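In what follows, a single structure is set out as structure tokens and then discussed.
Every number here is computed from the coordinates shown, using simple stated rules; none is lab data. In this text, all values refer to a predicted model and were calculated from it rather than measured experimentally. Using ideal geometry, Cβ is built from the backbone for each residue, glycine included, and neighbour counts are taken over all protein chains shown.
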Amino acid sequence: MHMKLAVLVSGSGSNLQSIIDHVEAGHINAEIAVVFSNKEDAYGLTRASSHGIPTAVIRHTEYSDREQFDAAMVQVLKDHGADTIALAGFMRMLTPVFLNAFPMRVINIHPALLPSFPGTHGQRDAADFGVRLAGCTVHFVDEKMDHGPVIIQAATPVAPGVDGDTLAGQILRLEHRIYPQALAWLADGRISLDGRHVHIAGAEEPVCDTDGVGPFLVNPPLEKAFAS
Ligand code: GAR
């Protein structure tokens with residue numbers, strides 16, 4: 001049976017676009033039942049409409065507390081038949097009212113290697129900290145911000161002195177690859193959980209050589225004497 005996906009956006013929706021493209025290409029065993037936003041001018045809604053995907057908007061500012069807003073969202077998403085929720089640049093925290101309606105079926109993408117740099121400016125925070133590796137994380141959503149079990153992460157080297165916006169673009173291109181991959185695994189029922197640990201049935205394991213060294217990303221690159 002097809003996974004019935006709701007994608008929640010607050011802005012541009014470039015991750016949404018990547019998900020749409022992979023669904024249309026038949027790479028994810030799902031249909032996008034609805035694209036939802038808390039902002040009526042979110043460009044993600046335009047992207048959805050141009051692919052014939054239903055949209056819905058509820059402004060969070062019209063609700064006095066998070067629980068009431070969450071209950072209204074649950075109603076709309078269930079009305080569209082959604083069984084799985086992908087947050088794609090959705091900038092609202094979710095309460096148990098929402099999470100209990102879709103147990104272990106809410107996932108998020110965050111533009112940092114969690115648990116480093118949670119919050120709304122992960123890329124800028126990483127650039128300002130001076131990290132040499134940055135990246136992004138797809139994870140299950142729980143009640144704490146950017147906290148639930150990790151499904152997949154991608155890392156990228158950070159050039160010295162790079163600003164947050166440049167790094168954000170670099171990370172975004174990785175986001176567009178790992179989010180559809182995670183959703184494909186979810187749609188195929190290949191993901192299971194053991195506490196915080198996510199198991200993906202049939203996923204390749206990194207291969208270590210005889211010295212026990214697996215593939216790795218190091219930045220700046222090691223010079224010759226240290227490279228083997
Ligand atoms: C993405 O970089 C996503 O990881 C980030 O918002 C951007 C949305 O871009 N999400 C968060 O920071 C959540 N904490 P998009 O609208 O073009 O997909």
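The relative contact order of region 1-103, computed from alpha carbon pairs under 8 Å that lie at least 6 residues apart in sequence, is 36 percent. Geometric descriptor of region 100-228, per residue, is 128 Å³ (volume of the convex hull of the Cα atoms). Charges were assigned to the Cβ only: +1 to each Lys and Arg, -1 to each Asp and Glu. The resulting dipole of region 1-103 about its Cα centre is roughly 80 debye. Shown here is the pair-distance distribution of the chain: with all Cα-Cα distances grouped in 10 Å bins from zero up to the longest one, the shares run 8, 31, 35, 19, 6, 2, 0 percent. Exposure proxy for Y43, Y179: other Cβ atoms within 10 Å of each Cβ, ordered fewest to most, give Y43, Y179. State whether region 1-103 is rounded, prolate or oblate according to the following rule on the C-alpha gyration tensor (a ≥ b ≥ c being the square roots of its eigenvalues): a/c under 1.5 gives rounded; otherwise a/b larger than b/c gives prolate, and the remaining case gives oblate. Because a/c hits 1.5 or more and a/b fails to exceed b/c, region 1-103 counts as oblate. The separation of region 1-76 from region 132-190, counted between C-alpha centres, amounts to 19 Å. Taking a Cβ cut-off of under 13 Å around I152, the surrounding Lys, Arg, Asp and Glu residues balance to a net charge of 0, with basic ones at +1 and acidic ones at -1.
Charge tally for N100 (other residues, Cβ to Cβ under 12 Å; Lys, Arg +1; Asp, Glu -1): -3. Sorted ascending by nearby beta carbons within 10 Å, beginning with the fewest, L183, L172 become L172, L183. Between D165 and A201, the modelled labels are 4.6 nm apart [label points 7 Å from Cα along Cα→Cβ]. For L133, the amide hydrogen comes within under 5 Å of the amide hydrogens of V158, counting only partners 5 or more places away or on other chains and with H modelled in the peptide plane. Amide H contacts for M91 (H built 1.01 Å from N in the peptide plane; partners 5 or more residues away or on another chain; cut-off under 5 Å): S10.
Take every DSSP beta bridge whose two residues both sit in the chain; close to 45 percent of them are antiparallel. The Cα atoms of region 1-41 give a gyration tensor whose axes a ≥ b ≥ c have a/c of 1.5 or more with a/b no greater than b/c, which makes the shape oblate. Remark: relative contact order (region 97-228) = 21 percent; criterion is Cα-Cα distance under 8 angstrom and separation of 6 or more residues. With the cut-off at 1.5 for a/c, could you classify region 152-228 from its C-alpha gyration tensor as rounded, prolate or oblate? Note, shape of region 152-228 comes out oblate. Output the relative contact order of region 59-162, whole-number percent, from Cα pairs under 8 angstrom with separation of 6+ residues. This gives 22 percent for region 59-162.
Here the dipole of the chain is about 140 debye; that uses its Cα centre as origin and unit charges on the Cβ of Lys and Arg (positive) and Asp and Glu (negative).
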